[in-house]
Protein chains: 2
Amino acid sequence: MIDEKHIKHFTSIVGDDNIYSDKAHLIAYSYDATREHFEPDAVIFPRNEDDISAILKHCNEHKIVIVPRGAGSGFTGGALPSSGGIVLAMEKHMNKILEIDMKNMVAIVQPGVINMDLQRAVEEVGLFYPPDPASQDYSTLGGNVSENAGGMRAAKYGITKDYVMATRAVLPNGDIIKAGKRTIKDVAGYNISGILIASEGTLAVLSEITLKLIPKPKMTKTAMGIFDSVSEAMEAVYKTMASGITPVAMEFLDNLTIRAVEQTYNKGLPVDAGALLVTDVDGNLEEDLDFQLAQIEKVFRENGCRTFKIAKDNAEAADIWFARRNASQSITIYGSKKLNEDVTVPRAVLPELLEKFYAIAHKYDINIPCFGHTGDGNVHTNVMVDGSDPEQVKIAYQAIEEVFQATVDLGGTLSGEHGIGLAKAPYMSMAFTEEEMNLFKSIKMAFDPNNILNPAKMGLN
Amino acid sequence: MIDEKHIKHFTSIVGDDNIYSDKAHLIAYSYDATREHFEPDAVIFPRNEDDISAILKHCNEHKIVIVPRGAGSGFTGGALPSSGGIVLAMEKHMNKILEIDMKNMVAIVQPGVINMDLQRAVEEVGLFYPPDPASQDYSTLGGNVSENAGGMRAAKYGITKDYVMATRAVLPNGDIIKAGKRTIKDVAGYNISGILIASEGTLAVLSEITLKLIPKPKMTKTAMGIFDSVSEAMEAVYKTMASGITPVAMEFLDNLTIRAVEQTYNKGLPVDAGALLVTDVDGNLEEDLDFQLAQIEKVFRENGCRTFKIAKDNAEAADIWFARRNASQSITIYGSKKLNEDVTVPRAVLPELLEKFYAIAHKYDINIPCFGHTGDGNVHTNVMVDGSDPEQVKIAYQAIEEVFQATVDLGGTLSGEHGIGLAKAPYMSMAFTEEEMNLFKSIKMAFDPNNILNPAKMGLN
């Protein structure tokens, strides 16, 4: 528990209205999307960068643990105060779009801005911020940067890191630094923004982010391919990309997922199909979009696509996307406990990866519905069991371990989007050597010698 | 000087043929493109990653300075052994393209591979490696990554960092690490490749690099715009990008540069023009290229372009590019001493930046011809004086200081492509606060506690 004199000091920084240690607040800030919970000792809402600096300085001097938090929508526990201490919540004050610089195509935002609020604001002026995690309606840009969030459009447009031009951040000792500029290129000094991205709030607290924007493509078209077998669909994915076409999105649903959506929503989906692929293409010219779709159809057909459908209008496009957008909820028909992973492999081994996952499901007699961002090799892998049955839960964790091992064996990563946090920390030794873990710890020490900032995450304790 | 027993130890690692300390070798490896020179105590050619590891381990234990070197083509002294010690030269053995993975569109290379050798190899199989620094015919990919090299195509395709998916590297203590994967996404662990890029060989020695490739665009077209004034041309640059068109290249030459090329080569260039803009567009469809060029012409014309010419064939395209490609040599007519900087600003302040540079030239009565990659805000700024006149050289350095100050004042960076090395180290305090420099030093310490690896670069001594 934090001493009353520290609470008084923090109150003197942010004022009465911006610090809480009543039970209701502590419970409210004990959760994230993992369903784990740990109560902090206090919740502070900094009003500005100077507040963050003063708070961190005090925490550092008194070795008080502090955990930065955006919307708490993370899937791996990055924002959970698992060692108690302070939750530093960005949602109340640090939530402003400071500037949309149309001439340089750059946005300057505070970390608590919600992703979709930025997308809307820039699209109003003809610009485009591509990273669109599934949490876009509520997750914050600070959280997106800290976890290096991906999204549906990553196949063509990349992920959050590809849009971070600069950051301002507060170091654990209270020092305020800026890293990067409103320039396309900058090779002066170490790439601090580069290491802050995906560092899960363990190295510094972001106070301002400069994001690259691009011109909004004038038009988008959507198409869907139905495949008899999932392995043919996976072949079609990487062969499409290698053929010279880069679709905006190339998403897939496997048979279990298709059946779950159909059972839940009755949309007339092909429940006998091995896989569905949903793809978007965009550009400035109708001819260009038609060229891309023709090429995609050709590669799909060569790889066992039995039906290829191009949406004629927005309504048909929304219809095609419906199954993908509702996959995550629908698969809960397979069990009350979902272990939801976001493993990512080189695209060309997707067929082999899926085969291994289904073999694991068969071995344990459980369902592992898969869907996700195949365009970038990212498979949302869901081990579903009955959460009320301890034996089933134990089996689920065994299966997940094998899912990770299969991924790593095929040159993949534990996480394409969600990060490590607490949830995947036990698996870090599968993916990293002792030498690599030692380097991570040295970097953590360089930024945070007293280990006050979001400790015990990423397996670094 | 390095003790004979250390030389013996290194010889036991790499063999007689791969270590030299004779005068000829020491002189050969004392230079880079800065024209500064510092002799090392020995030059070692590691045969593989294990050699690098054994060499670094020994250097670390005995606090022997070691400097990794690619082609020695850097402009800022990154590869110079300014504190003596070992030069670790990658050109002899560590120069192989290990794999071109067409299915995943990835190349795996050793650090000593020459940029153009990779470009040629991947284009033969229909793929494309966009980063094309002016040194592409001789600079190595290890050097490109260490300096985060840019190039002509950065406006559309980005710079080296946008293509580094993974690295293998040897830490100063000899530990071998890998960072990243052959996957588009990977958020497990700190972004080590991100911090190694542009670290100028001060944190680790690269032993293998995994580079993203993209499909080769089917066609390219070239155009040129002639402007009466340089400020109108600079307006045209950022307005083109903001209009929704992203040309591959958007290069400029100012009046002094145009006149220098014309005087040297007699090509019939418009010597009265304020600026020339040279642009390439690419894509898969003729219609798309024509659409892009029409839009560029429209914006150019709205901003004072008096002549707009589209190349009809490759010969005409080469002709348009001739002036840009020969700018650097031609401007030597203005003086035997060239202080060549690569400052970069947000595109929209380019008009103001150029105005400031010409005011500095006027103030000191010297010539500062400028050209470069305006599509990404990068201006090659050349302070030209008579190198045999000490007074002129002194003036040149005064002018350069003002060039940097003007750049930083406009939100720009000391270097867009060339790095800091030794040459720009004195100016680091203009661009970074003490807190930021302290953070750089902490990171250097985390990787290299004995400061053996390329010390005294980047102003970190």
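Filter the stretch B:433-447 for residues that are farther than 15 Å from B:Thr202 by Cα, open to solvent by 40 Å² or more (accessible area, probe 1.4 Å) and in a helix (DSSP H, G or I) and give the result. Matches in the stretch B:433-447: B:Glu434, B:Glu435, B:Asn438.
Summed over the stretch A:300-328, the residues that are in contact (Cβ under 8 Å) with a residue 60 or more places away in the chain, surrounded by fewer than 17 Cβ atoms within 10 Å (Cβ to Cβ) and basic (Lys, Arg) give a count of 2.
Determine, yes or no, whether B:Asp386 is buried (at least 22 other Cβ atoms within 10 Å of the Cβ), of a type in the set (Asp, Glu) and either within 14 Å of another protein chain (Cβ to nearest Cβ) or touching a residue at least 24 places away in the same chain (Cβ under 8 Å) (or both).
In short, no.
For the stretch B:193-203, residues that are buried (at least 24 other Cβ atoms within 10 Å of the Cβ), more than 7 Å from every other protein chain (Cβ to nearest Cβ) and on the phi < 0 side of the Ramachandran plot total 3. Of everything in the stretch B:263-299, what is over 30 Å from A:Glu287 (Cβ atoms) and without any contact (Cβ under 8 Å) to a residue 60 or more places away in the chain? Give them in sequence order. Answer for the stretch B:263-299, where residues must be over 30 Å from A:Glu287 (Cβ atoms) and without any contact (Cβ under 8 Å) to a residue 60 or more places away in the chain: B:Asn266, B:Lys267, B:Gly268, B:Leu269, B:Pro270, B:Val271, B:Asp272, B:Ala273, B:Gly274, B:Ala275, B:Leu276. Answer yes or no: is there a residue in the stretch B:244-254 that is within 14 Å of chain A (Cβ to nearest Cβ), out of contact with any strand residue (DSSP E or B) (no Cβ under 9 Å at 6 or more places or on another chain) and not in a strand (DSSP E or B). There is no residue in the stretch B:244-254 that is within 14 Å of chain A (Cβ to nearest Cβ), out of contact with any strand residue (DSSP E or B) (no Cβ under 9 Å at 6 or more places or on another chain) and not in a strand (DSSP E or B). B:Leu414 meets the stated requirement of being touching a Phe, Trp or Tyr at 6+ places or on another chain (Cβ under 7 Å), at negative phi and either open to solvent by 50 Å² or more (accessible area, probe 1.4 Å) or of a type outside the set (Val, Ile, Thr) (or both). Looking across the stretch A:154-177, the residues that are within 9 Å of chain B (Cβ to nearest Cβ), more than 28 Å from A:Cys59 (Cβ to Cβ) and assigned to a helix (DSSP H, G or I) come down to A:Ala154, A:Ala155, A:Asp162. Evaluated against (1) in contact with a strand residue (DSSP E or B) (Cβ under 7 Å, 6 or more places away or on another chain); (2) in contact (Cβ under 8 Å) with a residue 60 or more places away in the chain, B:Ile197 falls short on exactly one condition, (2). Evaluation of B:Leu211 against the conditions (1) open to solvent by less than 20 Å² (accessible area, probe 1.4 Å); (2) over 16 Å from B:His380 (Cα atoms); (3) not assigned by TED's automatic domain parsing to the domain that holds B:Pro131 shows that the sole unmet condition is (3). Restricting the stretch B:85-103 to residues that are farther than 29 Å from B:Asp22 by Cβ and in contact with a Leu (Cβ under 9 Å, 6 or more places away or on another chain) leaves a set whose member that is farthest from the other protein chains (Cβ to nearest Cβ) is B:Ile97. Taken over the stretch B:270-299, the criterion of being assigned to a loop (DSSP other than H, G, I, E, B) and open to solvent by less than 30 Å² (accessible area, probe 1.4 Å) is satisfied by B:Pro270, B:Ala273, B:Gly274, B:Leu285.
When B:Glu232 is tested against the conditions (1) away from chain A (no Cβ under 13 Å); (2) assigned to a loop (DSSP other than H, G, I, E, B), the lone failure is (2). Report, by residue number, each residue of the stretch A:4-46 that is open to solvent by 20 Å² or more (accessible area, probe 1.4 Å), of a type in the set (Phe, Trp, Tyr) and either touching a helix residue (DSSP H, G or I) at 6+ places or on another chain (Cβ under 6 Å) or under 22 Å from A:Asn95 (Cβ atoms) (or both). Those that are open to solvent by 20 Å² or more (accessible area, probe 1.4 Å), of a type in the set (Phe, Trp, Tyr) and either touching a helix residue (DSSP H, G or I) at 6+ places or on another chain (Cβ under 6 Å) or under 22 Å from A:Asn95 (Cβ atoms) (or both): A:Tyr20, A:Tyr29, A:Tyr31. All conditions in (1) within 20 Å of the chain's Cα centre (by Cα); (2) within 25 Å of B:Asp101 (Cα to Cα); (3) open to solvent by less than 10 Å² (accessible area, probe 1.4 Å) hold for A:Leu354, with the sole exception of (1).
Going by the structure shown, is A:Glu232 of a type in the set (D, E, K, R), in contact (Cβ under 8 Å) with a residue 60 or more places away in the chain, open to solvent by 30 Å² or more (accessible area, probe 1.4 Å) and farther than 24 Å from A:Val281 by Cβ? In short, no. Among the residues of the stretch A:419-442, those identified as more than 7 Å from every other protein chain (Cβ to nearest Cβ) and within 19 Å of the chain's Cα centre (by Cα) are A:Gly421, A:Leu422, A:Ala423, A:Lys424, A:Ala425, A:Tyr427, A:Met428. Look at A:Met445 and say whether it is more than 18 Å from B:Ala179 (Cα to Cα), facing chain B (nearest Cβ under 9 Å) and of a type outside the set (Val, Ile, Thr). Yes.
Determine, yes or no, whether A:Thr407 is open to solvent by less than 10 Å² (accessible area, probe 1.4 Å) and free of Cβ contacts under 8 Å to residues at least 60 places away in the same chain. Explain how you work it out, then say what you get.
On the way: open to solvent by less than 10 Å² (accessible area, probe 1.4 Å): yes; free of Cβ contacts under 8 Å to residues at least 60 places away in the same chain: no.
Answer is no for this residue.
Scan the stretch A:204-222 for residues that are at the interface with chain B (Cβ under 8 Å from one of its Cβ atoms) and either in a strand (DSSP E or B) or at pLDDT 95 or above (or both) and jot them down. Of everything in the stretch A:204-222, those that are at the interface with chain B (Cβ under 8 Å from one of its Cβ atoms) and either in a strand (DSSP E or B) or at pLDDT 95 or above (or both) turn out to be A:Ile214, A:Pro215. Residue selection: B:Asp117 satisfies the criterion of being free of Cβ contacts under 8 Å to residues at least 40 places away in the same chain, more than 10 Å from every other protein chain (Cβ to nearest Cβ) and assigned to a helix (DSSP H, G or I).
Is there a residue in the stretch B:178-187 that is at positive phi, assigned to a loop (DSSP other than H, G, I, E, B), open to solvent by less than 30 Å² (accessible area, probe 1.4 Å) and facing chain A (nearest Cβ under 9 Å)? No, the stretch B:178-187 contains no residue that is at positive phi, assigned to a loop (DSSP other than H, G, I, E, B), open to solvent by less than 30 Å² (accessible area, probe 1.4 Å) and facing chain A (nearest Cβ under 9 Å).
Scan the stretch B:353-373 for residues that are within 14 Å of another protein chain (Cβ to nearest Cβ) and either modelled with pLDDT of 95 or more or farther than 18 Å from B:Thr413 by Cβ (or both) and the total you get is 1.
When A:Val106 is tested against (1) under 14 Å from A:Lys212 (Cα atoms); (2) surrounded by fewer than 17 Cβ atoms within 10 Å (Cβ to Cβ), exactly one condition is not met: (2).
The values are calculated or read from the model by the stated rules, or taken from the named source; none is laboratory data. The model shown is predicted, which means the values in this text are computed figures rather than measured ones. Note that each Cβ is placed from the backbone with ideal geometry, even for glycine, and that neighbours are counted across all protein chains shown. Remember, those area values only see protein heavy atoms, side chains included, never the ligands or the DNA or RNA. Shrake-Rupley method; radii C 1.70, N 1.55, O 1.52, S 1.80 Å.
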